[in-house]
1. For region 131-145, just list the computed ³J(HN,Hα) in residue order, Karplus coefficients 6.51, -1.76 and 1.60, θ = phi - 60°, integers in Hz, with x standing in for Gly and Pro.
2. Any idea what angle helix 239-250 forms with the longest principal axis of the chain, computed on alpha-carbon atoms, 0 to 90 degrees, nearest 10?
3. Just subtract the alpha-carbon distance of Ala65 and Arg355 from 0.36 nm times their residue separation and send over the number in nm, one decimal.
4. What is the gain in length, in nm to one decimal, between Glu38 and Arg371 on full extension, counting 0.36 nm per residue of separation less the C-alpha to C-alpha distance?
5. With a 10 Å cut-off between alpha carbons and a GNM built on the chain, which of Gly203, Gly91, Gly122 moves the most?
6. Take every Cα pair under 8 Å in the chain that's 6+ residues apart, average their separations, divide by the length, and report that relative contact order as a whole percent.
7. Under a Cβ-Cβ cut-off of 12 Å, what is the net charge of the residues other than Ala131 that fall near it, where Lys and Arg count +1 and Asp and Glu count -1?
8. Longer than 25 Å from Cα to Cα, which of Lys128/Lys346; Lys211/Lys383; Lys128/Lys335; Lys212/Lys335; Lys309/Lys346 are they? Say none if no pair is.
Amino acid sequence: MSDDGPSPFSLGLNEDVQAVQEWVHEFARDVIRPAGQEWDEREETPWPILQEAAKIGLYSLDFFAGQWMEPSGLGIPVAFEELFWGDGGIGLSLVGSGLAAVSVAATGLPEQIGEWIPQMFGTEDDIKLGAFCASEPDAGSDVGSIRTRAAYDEAKDEWVINGTKTWATNGGIANVHVIVASVDPELGTRGQANFIVPPGTPGLSQGQKFKKHGIRASHTAEVILDNVRVPGSCLVGGKEKLDERLARVREGKRAAGQAALRTFEASRPTVGAMAVGIARAAYEYARDYAREREQFGKKIGDFQAIAFKLADMKTQIDASRLLVWRAAWMGRNGKEFSSAEGSMAKLHAGETAVRVTEDAIQILGGNGYTREYPVERWHRDSKIFTIFEGTSEIQRLVIGRTITGLPVR
């Protein structure tokens, strides 16, 4: 084969991604995992961990942008798997600003990207956060039911936003909020847009902070918007593009994807990688436990019941990782998700994480059910991956519609 011919098929990571994988794994092993139980019980944002990550450049715009633009598409999934192998709650605190950043990067104007995304990360001496706010009390999976409204005040070139958001990671404590709001309710999801709310904007406040089953080191809260006014320049993508899109929709023509759904589509493989990290942590812990724990005069790993369970756990994890990598590679290289590959990755990885962490508890027996061992926390953390950014049922709906071409309900 000539040097300039097609590259041979390979599932190996390139040297740059391997180096990042090792670097992030060390941080997860030495800093994140030892702190996991403490911050889970405190149910607070782990600011000291964010500070440590910022000092080494891990919590930074440069790191996230560099991995996002990595040519193979595997930079972000590989790094996220390692972070969540460390701990799910702390991991989500470290990457929570990323969803807001993606929502602006996906459709934002160059000047919006340059101005606002850096303010979602800050510097090692002044850490900042971003929050993406889509869900509402009556609009979770049904994004079309969003009631938050954005009305344009032409005289002042301002958008006036009113509504309540819920389940927002970093909601209320973020420096920059990105709000999904309806500008034309009659058009459903196609009449929605994303709006940037700058730091200190009057009218935005935090509502209820949620006490959660898992990922408790990640801040989740309501965000209340009461006559929030933002400059016209804070409409992501600009008003010209919005007006063109709405006009096409009103004429019955096809328009580009809806604001929230486009963000979720871009992020689904990365969410799958998070789930893989938690599942891998539980599998490795259970495997090592089975090698040491003795019952009936034998290592419990010698028993077929345990060995077969570990075999299934490992197989499911590797299958999930391959689905995540495929979707991430396709997204980075402009390949269309013709079979909803992003949803496949998120669906399989999320459900695998729940099964694998439950099996890990079973292998540890009574020990696994106590907080003295981390598998019960990983099990609690895993469940969110079948719920947020599209439930498993919604992923199946997306996949079903895509592969059949029918309006599956």
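All of the numbers you see were taken from the coordinates with simple rules; none came from a lab. Computed from a predicted model, the values in this text were never measured in an experiment. Cβ coordinates were reconstructed from backbone atoms using ideal geometry, including for glycine residues, and neighbour counts include every protein chain displayed.
1. So the Karplus estimates, Gly and Pro as x, are 9, 9, 10, 10, 5, 9, x, 10, 8, x, 5, 8, 4, x, 8 Hz.
2. With rounding to tens, the tilt is 90 degrees.
3. Values: separation 290, 0.36 × 290 = 104.40 nm, distance 3.25 nm.
Full-extension gain reported as 101.1 nm.
4. Contour length minus Cα-Cα distance gives 118.8 nm.
5. Greatest mean-square fluctuation among the candidates belongs to Gly203.
6. Computed over the chain, the figure is 16 percent.
7. So the surrounding residues net to +1.
8. Working: Lys128/Lys346 28 Å; Lys211/Lys383 15 Å; Lys128/Lys335 33 Å; Lys212/Lys335 37 Å; Lys309/Lys346 22 Å.
Among Lys128/Lys346; Lys211/Lys383; Lys128/Lys335; Lys212/Lys335; Lys309/Lys346, the Cα-Cα distance tops 25 Å for Lys128/Lys346; Lys128/Lys335; Lys212/Lys335.
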